[in-house]
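None of the figures in this text is laboratory data; all of them are computed from the coordinates on show. Everything quoted here is computed from the prediction, not taken from an experiment. So basically every Cβ, Gly included, is an ideal-geometry build from the backbone, and we count neighbours across all protein chains shown.
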Amino acid sequence: MSTYGIAVIGTGYIGGEHIRAIAAHEQARLQVICSTERSRDTALSLMQAHGAARVTTSYADVLADPQVDVVYLCTPNSAHRDQAAAALQAGKHVFVEKPLAVTVPGCRHIVEVACASQRQVMVGHGARFSRIFVAIHKLVQDGTLGDACYVEGDYVHDLGPFLDLPGHDWWMDVDNEGQLPIIGGACHPLDLMRWIAGEIVEVSAYGARRNIPQAPWYDTIISSVKFASGAVGKCLVSCGAKAPYAMNLSYYGTKGSVLNDKLFIDGIPHVEQFMALPIDIPPEDHTCAEELEHFLHCLDTGETPLIDATDGARSVAVCCAVAESIESGQPVAVQLEF
């Protein structure tokens, strides 16, 4: 097993979570923490707490460092396109916090550069590593639940209290960042739905502004989806409703169904109700350690990461189709060619 020098770009909440995971892994060396000038003090505190070799505010400095093998991008979504491409061209492997980019052309650019560079890209759709969703995926893949009839995913996260916090100003930049509740929120359940039930090929969506009037985006979105298999589904996102954080997934199949941790399998004598799966569901499950373990394994073996650039691009394409459908009032086909 090799040891990898890792640079983390961005010192926000998720950047800090990744830094903690990297510092604790025996194959990882926290080489650089890169921040903005505004966040330099935060970067220095993280360096002292987790043993990074150094701090910088220059991304070019990171890319020129021969001790850096892997770049972790924990930056505003609109920065991913150019930062990922530059890192790949500099010979670094790249981990991109979801989403891969904010537009389909941006994703296509990263995919093309990744192929030319022969370096690995992994997108941080961490929900794929949550125990409950891993279990549901297995039940579908081994045929226990049969073919999908209907699949739904929900993402409920009240963003109102976070909007005025330092470092969140980019959330409101709809011109560059797009519709944050879609590209940064809906991407969670839509990616899970793709992973578990197959490609989404068409969407029809509505958006509403109900509880965060100062935001330039829809705080509540409902989208009907059509899968390549012929199954149908629904995705709900609310970043304004006053409700506890929740990410839910339901799969209704031809042999059985699962609603989060509730399982029903057809044909078991005397069983007519859902059974409880013995899996704890944390209120908010950050799986940074599991993502890191998987990515380093792929770097060691040459295997393709669970969410590579092409896979991450397709989840962005579904999100972009949702945004387009809201504005057009029409169903929109998902661009899947990358």
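With R₀ fixed at 56 Å, the C-beta to C-beta distance from SER45 to GLN273 puts the FRET efficiency at about 0.65. Overall dimensions of segment 181-338, expressed as equivalent-ellipsoid semi-axes from the Cα gyration tensor (√(5λ), whole Å, largest first), are 26, 23, 19. Quick one: pull the percentage of alpha-carbon pairs in segment 1-105 with a separation above 20 Å. More than 20 Å apart: 31 percent of the Cα pairs in segment 1-105.
Spatial offset of segment 127-178 relative to segment 30-98 amounts to 25 Å, using the alpha carbon center of each. Label sites at ASP169 and ALA116, each approximated as a point 7 angstrom past Cα along Cα to Cβ, lie 3.4 nm apart. Once the Cα atoms are used to define both axes, helix 131-141 deviates from the longest principal axis of the chain by about 60 degrees. Convex hull volume of the C-alpha atoms in segment 166-207, normalised per residue: 100 Å³. Length gained on full extension, THR144 to ASP280: 46.9 nm, using 0.36 nm per residue less the C-alpha separation.
Each part reduced to its alpha carbon centroid, segment 308-326 and segment 188-229 end up 10 Å apart. Sum up the charges of everything whose Cβ sits under 9 Å from the Cβ of MET1, counting Lys and Arg as +1 and Asp and Glu as -1, but leave MET1 out. It works out to a net charge of -2. Seen from ILE132, the other residues with C-beta closer than 10 Å to its C-beta sum to a net charge of -2, counting Lys and Arg as +1 and Asp and Glu as -1.
Relative to the longest principal axis of the Cα atoms of the chain, helix 40-50 runs at roughly 80 degrees. Residues whose amide H falls under 5 Å from that of CYS149, counting only those 5 or more places apart or on a different chain, are TYR252, GLY253, THR254, with hydrogens built in the peptide plane. Summarising the label geometry, the points placed 7 Å from Cα in the beta-carbon direction at ASP61 and THR304 lie 3.8 nm from one another. Averaging the sequence gap over all C-alpha pairs within less than 8 Å and six or more residues apart, then dividing by the number of residues, gives the chain a relative contact order of 19 percent.
With N the number of residues in segment 52-128, Rg(Cα) / (2.2 N^0.38 Å) evaluates to 1.05.
For GLU324 and HIS297, the difference between the fully extended length at 0.36 nm per residue and the C-alpha to C-alpha distance is 6.0 nm. Structural size metrics of the chain, computed from C-alpha coordinates, are Rg and Dmax of 20.1, 66 Å. Counting only lysines at least 8 places from LYS255 when in the same chain, those with an alpha carbon closer than 16 Å to its own are LYS138.
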